[in-house]
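Note sheet for the following structure.
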Amino acid sequence: MPTKTHQPGDASPRARLARFLRVDHAGEYGAKRIYQGQLAVLGRGPHGDTLRHMQAQEQVHLDHFSKLIGDRQVRPTALLPFWHVAGFALGAATALLGPKAAMACTVAVEETIDEHYRDQHAQLGEDEAPLRETIETFRQEELEHRDIGLENGAEQAPAYRLLTAAIRTGCRLAIKASERI
């Protein structure tokens, strides 16, 4: 796949890559915190092992992006303290609504991340083939999480459409903010 043509006014390839790494690091950090919030409420119940599995995969993703941020000398988002609280709060709040609402949260987040990673994959050129491959691998794991959510009754959550629409909107706003701030 050819590298995207650089147009006047576009971010430089280095700046675009920095945004990608910054937001991916922030997103994986937020995902880890969502699962920590869900585990605080549901961790001892029948969904605990499933939530721990998904959190462990998010931790691998976070560790990878943390290393890339250091290696590429990219500053992380200044919003990490906010995502620390917001991620946990979102996870705990949806878990308090019940396991199906927690799974609806997972579906909403992972569908948004699927779109995000697909967009990044398409924008990265062959000069970033290892990163493209990593993003695709992580995207497939995020889709696995979405499927787990669906298999565990996400669509039966109270106000499923409203809940997932609100979470998707929040995720999209978080992506935009974390890219730049």
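Note on the chain: GNM, Cα springs under 10 Å; of 99, 76, 158, the largest mean-square fluctuation is that of 158. Mean residue ellipticity at 222 nm, helices only, the chain: -27000 deg cm²/dmol; runs of at least 4 DSSP H residues each add -39,500 (n - 2.57), and the sum is divided by the number of residues.
When a/c is below 1.5 the answer is rounded, else prolate if a/b is larger than b/c, else oblate, so apply that to region 33-83 with a ≥ b ≥ c taken from the square roots of the Cα gyration tensor eigenvalues. Judged from the Cα gyration tensor, region 33-83 comes out oblate (a/c at least 1.5, b/c at or above a/b). Counting 0.36 nm for each residue step from residue 63 to residue 165 and taking away their Cα separation leaves a gain of 33.8 nm. Of the residues 164, 29, 177, the one whose Cα sits farthest towards the positive end of the charge dipole of region 13-180 is 177 (charges of +1 on Lys and Arg Cβ, -1 on Asp and Glu Cβ, taken about the Cα centre).
Of the three principal axes defined by the Cα atoms of the chain, the extents in descending order read 50, 29, 25 Å.
For the chain, a simple Cβ point-charge model (Lys and Arg +1, Asp and Glu -1, everything else neutral) yields a dipole of about 760 debye relative to the Cα centre.
Largest GNM mean-square fluctuation among 153, 91, 45, using the chain with Cα springs under 10 Å: 45. In order along region 128-140, the Karplus-derived 3J(HN,Hα) couplings, from 6.51 cos²θ - 1.76 cosθ + 1.60 at θ = phi - 60°, round to 10, 4, x, 5, 4, 5, 4, 4, 5, 4, 5, 4, 5 Hz, and Gly and Pro are given as x. Taken along the Cα-to-beta-carbon direction at a fixed 7 Å, the label points for residue 147 and residue 12 span 4.2 nm. Once the Cα-Cα distance is subtracted from the 0.36 nm per residue extended length, the residue 115 to residue 89 segment shows a gain of 7.0 nm. Note on region 164-181 and region 85-102: Cα centroid distance 17 Å, given to the nearest whole angstrom.
A short reminder: the numbers here are calculations on the coordinates, not readings from a lab. Bear in mind that the values here come from a model prediction, so they are computed numbers and not experimental data. Cβ: placed from backbone, ideal geometry, glycine included. Neighbour counts: every protein chain shown.
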